[in-house]
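In what follows, a structure is listed as structure tokens, so that the remarks can point back to it.
The values are calculated or read from the model by the stated rules, or taken from the named source; none is laboratory data. Small disclaimer: the values here were computed from a predicted structure and weren't measured. Positions of Cβ are generated from backbone atoms using ideal geometry, with glycine treated the same way; all protein chains shown enter the neighbour counts. Note: areas computed on protein heavy atoms with side chains; ligands, DNA, RNA excluded. Shrake-Rupley method; radii C 1.70, N 1.55, O 1.52, S 1.80 Å.
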Number of protein chains: 2
Amino acid sequence: MDIPAVVISRLPLYVQALEAMVQRGEHVVSSQRLGEELGVTPAQIRKDLSYFGRFGRQGRGYNVAELLQALRRILGLDRQWLMALVGVGRLGRAIVAYEGFAPQGFRIVHAFDVDPKIIGQRVNSLVVKDVAVLEEALAQEPVDIGIVAVPPEAAQAVIDRLVGAGVRAILNYAPIAARVPAWVQVRRIDPVLALQTMTYYLKQGRE
Amino acid sequence: MDIPAVVISRLPLYVQALEAMVQRGEHVVSSQRLGEELGVTPAQIRKDLSYFGRFGRQGRGYNVAELLQALRRILGLDRQWLMALVGVGRLGRAIVAYEGFAPQGFRIVHAFDVDPKIIGQRVNSLVVKDVAVLEEALAQEPVDIGIVAVPPEAAQAVIDRLVGAGVRAILNYAPIAARVPAWVQVRRIDPVLALQTMTYYLKQGRE
């Protein structure tokens, strides 16, 4: 079944909202309520979920825990995903130290850099490897996801090598629009794009 | 005129695509072509743009430079926006060093931290100030946007103080869902959310 990418991209937001409800001790939620929380219409929520089967009972709303578990399974969040980081500068170190990955099943198992001063350093529990051995290291211990935190001019070459080494998902922190084959997913962490969606509203207030 | 937030959130992507076209020396683009570039239907593009007036001529496509300039003006990207960073740890330093802000008109003019060892340090051209003087510093030199790069347990309090000091837009790097008044915009930089939209596809390949 070919599910629209935009539907898939919304599901993690559903997961976040449902996790917050579990924490608040809420057991049942209507599509109305879930829609309000997420800024989409109840009809959109019902349509999105209909791709994956039948959830909730007519007029009874959704069981929060059941829906959460089902969505986590659908998204593949019920298992561990291994990641390789390339680029262990300031940003790379902040990424290694980020506490949000582990609770959600994402684990960095390789860190690579090109700088002889950084190679061999211990960063949290990782020892930084020479990026020259990237293919070798990934052949020995494969990963699912590559995280790219290198300067923009080096990013495309690093992405090509990760893809060549079998990585099928890239989290790209470099400010470039990466080119990848169709079977590879890329998401870009782009603070400027986020800022540019706010200035419209700031402008309204100023004028 | 009340324009749907989802339309506003797409416009920076249009700007990025149009900037790439300018760089490639392309002068005219059809809604078909622009839609392909962005993964939305041509009808959606025409509808999105119709909120802001008349662009392009029937059957002639859009003038790339004109459309880009108009969208930049609409989004408020034709001026400079001042920002205050709170949290000058590894992530904060990476943010200060990020080269993508300045070319798009975003400038960090204050950096605050709570750590006596960090306060007073020079980071690029900024001297880190004590977060205790945040309100005072922002009264003297106001900013439009606050960037929050503090640990999760400190984030909400920092956001409350920024909002109290008149900041109306928050770029939040902390892994929390911030609570803000209705007149304040928040965008969260969330690598986990980005990862969670890729695992669905990774899972397909594995099974």
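Considering only segment B:152-163, I want to know if a residue exists there that is within 8 Å of chain A (Cβ to nearest Cβ), on the phi < 0 side of the Ramachandran plot and modelled with pLDDT of 95 or more. If you could, list the steps in order and put the result at the bottom.
Within segment B:152-163, the first condition is being within 8 Å of chain A (Cβ to nearest Cβ), and the residues that meet it are B:152.
Going one step further and asking which of them are on the phi < 0 side of the Ramachandran plot, we end up with B:152.
Going one step further and asking which of them are modelled with pLDDT of 95 or more, we end up with none.
Scanning segment B:152-163 turns up no residue that is within 8 Å of chain A (Cβ to nearest Cβ), on the phi < 0 side of the Ramachandran plot and modelled with pLDDT of 95 or more.
State all residues of segment A:18-64 that are closer than 15 Å to A:Ile74 by Cβ, open to solvent by less than 30 Å² (accessible area, probe 1.4 Å) and under 25 Å from the mean Cα position of the chain (by Cα); if no residue qualifies, say none.
Passing the criteria: A:Leu18, A:Ile45, A:Asp48, A:Leu49.
Limited to segment B:69-102, what total is found for residues that are closer than 13 Å to A:Pro191 by Cβ and assigned to a helix (DSSP H, G or I)?
So the first thing to find is which residues in segment B:69-102 are closer than 13 Å to A:Pro191 by Cβ, and the list is B:81, B:83, B:85, B:91-92, B:94-102.
Filter once more, so that each one left must be assigned to a helix (DSSP H, G or I): B:91-92, B:94-97, B:102.
So the count comes out to 7.
Name the residue, out of B:Leu77, B:Leu11, B:Leu68, that is of a type in the set (A, V, I, L, M, F, W, C), open to solvent by 10 Å² or more (accessible area, probe 1.4 Å) and in contact (Cβ under 8 Å) with a residue 12 or more places away in the chain.
Numbers: B:Leu77 fails: open to solvent by 10 Å² or more (accessible area, probe 1.4 Å); B:Leu11 fails: open to solvent by 10 Å² or more (accessible area, probe 1.4 Å).
After applying the criteria, what remains is B:Leu68.
Going by the conditions given, is A:Val86 within 28 Å of B:Lys203 (Cβ to Cβ) and open to solvent by less than 20 Å² (accessible area, probe 1.4 Å)? Explain how you work it out, then say what you get.
Details: within 28 Å of B:Lys203 (Cβ to Cβ): yes; open to solvent by less than 20 Å² (accessible area, probe 1.4 Å): yes.
So A:Val86 fits the description; yes.
Using the structure shown, decide if B:Leu85 is farther than 14 Å from B:Leu11 by Cβ and in contact with a helix residue (DSSP H, G or I) (Cβ under 7 Å, 6 or more places away or on another chain). Break it down stepwise before answering.
Numbers: farther than 14 Å from B:Leu11 by Cβ: yes; in contact with a helix residue (DSSP H, G or I) (Cβ under 7 Å, 6 or more places away or on another chain): yes.
For B:Leu85, the condition - farther than 14 Å from B:Leu11 by Cβ and in contact with a helix residue (DSSP H, G or I) (Cβ under 7 Å, 6 or more places away or on another chain) - is met.
Would you mind telling me which numbered condition in (1) under 18 Å from the mean Cα position of the chain (by Cα); (2) over 23 Å from A:Gln80 (Cβ atoms) A:Val131 fails?
(1)
Among the numbered conditions (1) within 11 Å of chain A (Cβ to nearest Cβ); (2) in contact with a helix residue (DSSP H, G or I) (Cβ under 6 Å, 6 or more places away or on another chain), tell me where B:Leu202 comes up short.
(2)
Just one of B:Gly87, B:Gly146, B:Gly100, B:Gly120 is out of contact with any Leu (no Cβ under 8 Å at 6 or more places or on another chain) and touching a residue at least 60 places away in the same chain (Cβ under 8 Å); which is it?
B:Gly87
Based on what the data block shows, is B:Val109 touching a residue at least 60 places away in the same chain (Cβ under 8 Å), on the phi < 0 side of the Ramachandran plot and not in a helix (DSSP H, G or I)?
no
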